[in-house]
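Presented below is the structure to which this report refers.
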Amino acid sequence: MKPTYSKIYRILHWSIAITFTLMLITIFLRLTWMNKFNVAEIIGNYLNKNDVVLSQDQLIVLAKQIRQPMWDWHIYLGYVLSGLFLIRFTLPFFGEMKFQNPLDKKATTKEKFQKWIYIIFYVCVIISLITGLIIKFGPKEFKKSMESIHELSIYYLVAFIVLHLVGVLISEFIDDKGIISRIVSGEKKKV
């Protein structure tokens, strides 16, 4: 019997997925086009053409100010994600979205593997959310070390997304046909 997904499960799943996607966009922009050095160079080139000269430090400060609204969105999305995961971890107490138990003796090897992946993912997300909150609200002396840990988030997140999508596609085409339609509509696809 293939599982169906409740409306709460689906809304939470897609809310988390959209939030993570938007957060990844802010990270991608910060690491590429909106990188402070790229923005500073663009500003510097423009100002030099107009006979205005700023030091590299001044250009970096200006670049950071220009990209700050984009980075504010990353922070707001972090708050949203914190709330969504708080809901995610509260729902099992109300009979929704069970806790993953990779030690379940009835589970197949594949199911145990999937459950371990989710537990590792959840632990990484919790670490990311806690370090993000410490960066924002914690003591200044912890900021640098928390940033170093927080920045590792991109690696587990991209890896998890790839694993998740590959796993879903394999399931859809091999042993769990209709999984995609069930997570979208909650119903098994009619064949």
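FYI, it's all coordinate maths here, none of it is from the lab. In this text, all values refer to a predicted model and were calculated from it rather than measured experimentally. Counting neighbours? That spans all protein chains shown, and the Cβs are built from the backbone with ideal geometry, glycine included.
If you bin every alpha carbon distance in region 1-96 into 5 Å steps from zero, what whole percent lands in each bin?
P(r) over region 1-96, rounded to whole percents: 3, 12, 16, 15, 11, 10, 8, 7, 6, 5, 4, 2, 1, 0, 0.
Nearest 500 deg cm²/dmol is fine: what mean residue ellipticity at 222 nm does the chain get from its DSSP H runs of n ≥ 4 alone, each adding -39,500 (n - 2.57), divided by its residue count? Show your work: numbers first, answer last.
Values: 7 runs with 143 residues, N = 191.
Result for the chain, helices only: -26000 deg cm²/dmol.
Return the inverse of the average 1/r over all pairs of distinct C-alpha atoms in the chain, which is the Kirkwood hydrodynamic radius, in Å to one decimal.
Details: mean 1/r = 0.0513 Å⁻¹.
With all distinct Cα pairs of the chain included, I get 19.5 Å.
Tell me, which longest segment in the chain has none of the chymotrypsin sites (Phe, Trp or Tyr not before Pro) that fall in DSSP loops with at most 13 further Cβ atoms within 10 Å?
100-191
Wrap a convex hull around the Cα atoms of region 100-191, take a quarter of its surface area, and give that in square nanometres.
Value for region 100-191: 8.0 nm².
Could you name the aspartates and glutamates in cross-link range of Lys64, using Cα to Cα under 20 Å and dropping any fewer than eight places away on the same chain?
Qualifying aspartates and glutamates at Cα under 20 Å: Glu41, Asp72, Glu147, Glu151.
Please identify the DSSP H helices in the chain that span no less than 27 Å along the helix axis (Cα) and have a mean Kyte-Doolittle hydropathy of -0.5 or more.
On the way: long enough: 7-31 (36 Å, 1.36); 56-90 (48 Å, 0.37); 109-137 (42 Å, 1.18); 153-173 (30 Å, 1.98).
Answer set is 7-31, 56-90, 109-137, 153-173.
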